[in-house]
Each structure stands twice: as structure tokens, then as C-alpha cells.
1. Which of the residues spanning region 51-68 are outside any helix (DSSP H, G or I) and within 16 Å of Ile10 (Cβ to Cβ)?
2. Please go through region 19-46 and pick out each residue that is in contact with a strand residue (DSSP E or B) (Cβ under 6 Å, 6 or more places away or on another chain) and exposed (fewer than 15 other Cβ atoms within 10 Å of the Cβ).
3. Go through the residues of region 69-80 one by one and say whether even a single one is crowded, with 18+ Cβ neighbours inside 10 Å, basic (Lys, Arg) and not in a strand (DSSP E or B).
Amino acid sequence: MTVTADSTMIKVAGELDLWTADAAGARLHAAIGAGCGRARLDLGQLRFIDAHGLAVLLQAAAFACARGRQLEVVNVTAQVRKIMTVTGAGVALGIA
């Protein structure tokens, strides 16, 4: 995670699934809560995501919005983008 005066960059790598969702969600909420301005979520190194992982990302977006922050999802891999597109989560996260 990188925090500057006006933004936060959060990188997610590996797998975001049933086994990692709780810990990842807690870290995302802490990072979003600690920063200010725009929160950028870099998924360039995320290899796999399931429904639990999608829920974490959607909850993080709602958490950011409730705090007046924007969550911008960037560097989405083709595999993760496909899952987000099929489920509709991509639209909710701003990556159509």
C-alpha cells in the first residue's frame, strides 16, 4: 500500500477467495479508512477471484463511498475482468 497526501494505492496479489477474503477485506477497510482522497485498487497481480472475493471488493467500494472517497479499480487482468463482467460486479466497480 502506498499513501500520499491525496490518494492511496492498494495492491492485491495472488488469490482473493473464500480462504483469503476476511483478511483481505480487513486490510482494504483499514487502508481506505486511513487515507484520504482517491483510493486506487491495483489488481494487476490478482490471479484468481471467486464470489467471496467479489463481495470483498464491492464492500470496499461501498465503504469508500460512505467515507466520501472514490475507489478506482485499475490494472484488472483478463481473467478477473471476465469474472467481473459475467457477474455484473465490473459495472458496480466501474470497469465495464
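Rule-based calculations on the coordinates, nothing more; no lab input. Please read all numbers here as calculations on a predicted model, not as lab measurements. Cβ placement follows ideal geometry from the backbone for every residue including glycine, while neighbour counts extend to all protein chains displayed.
1. Restricting attention to region 51-68, the residues satisfying the condition of being outside any helix (DSSP H, G or I) are 67-68.
If the condition is that a residue be outside any helix (DSSP H, G or I) and within 16 Å of Ile10 (Cβ to Cβ), then Arg67 is the only one that fits.
2. Gly37, Gln45
3. Looking for residues that are crowded, with 18+ Cβ neighbours inside 10 Å, basic (Lys, Arg) and not in a strand (DSSP E or B), one finds at least one in region 69-80, hence yes.
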